[in-house]
């Protein structure tokens with residue numbers, strides 16, 4: 001797990017180091033604060049601006065607490081590439097629609113017993129792939145500060161986990177740079 005996370009972060013950093021320059025900035029690095037506070041997930045995203053109305057990016061999510069309960073409590077890792085289309089006159093900001101895929105893994109817990117109540121809890125690890133869509137809004141200050149709010153939903157394709165649907169969303173802050 002640590003090797004995958006380290007590899008993803010090195011990939012993101014290498015993309016930003018070899019980026020082409022543009023007046024408006026071509027790269028963004030963001031952290032999803034709602035996931036960090038609400039779920040104790042470290043959710044870092046790199047986004048590359050293609051032009052004034054589209055971008056692609058990749059988000060890496062790692063669980064910092066195995067005891068977290070909530071909407072998607074069993075996910076421990078995800079890698080989420082996405083493509084965004086913006087609908088604004090400003091450069092790659094405003095309202096957007098996003099298509100994403102999510103490779104995610106985690107732990108399911110199944111309970112077994114010959115009688116009630118259940119007395120055996122078995123932890124089973126899973127890896128699954130989801131596709132989905134999100135909507136949101138992004139705002140960028142003159143000095144490059146980025147804030148965005150988004151929400152989305154996706155469906156698992158491989159049926160490896162008990163979840164059929166995955167959620168994607170949050171409130172992210174970051175920085176746009178050359």
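All of the numbers you see were taken from the coordinates with simple rules; none came from a lab. What you see is a predicted model; the values in this text were computed from it and never measured. Cβ: placed from backbone, ideal geometry, glycine included. Neighbour counts: every protein chain shown.
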Work out how much length residue 52 to residue 65 would gain on full extension: take 0.36 nm times their residue separation and subtract the Cα-Cα distance, in nm to one decimal. 0.9 nm
Counting other beta carbons within 10 Å of each residue's own, what order do 90, 30 fall into, fewest first? 90, 30
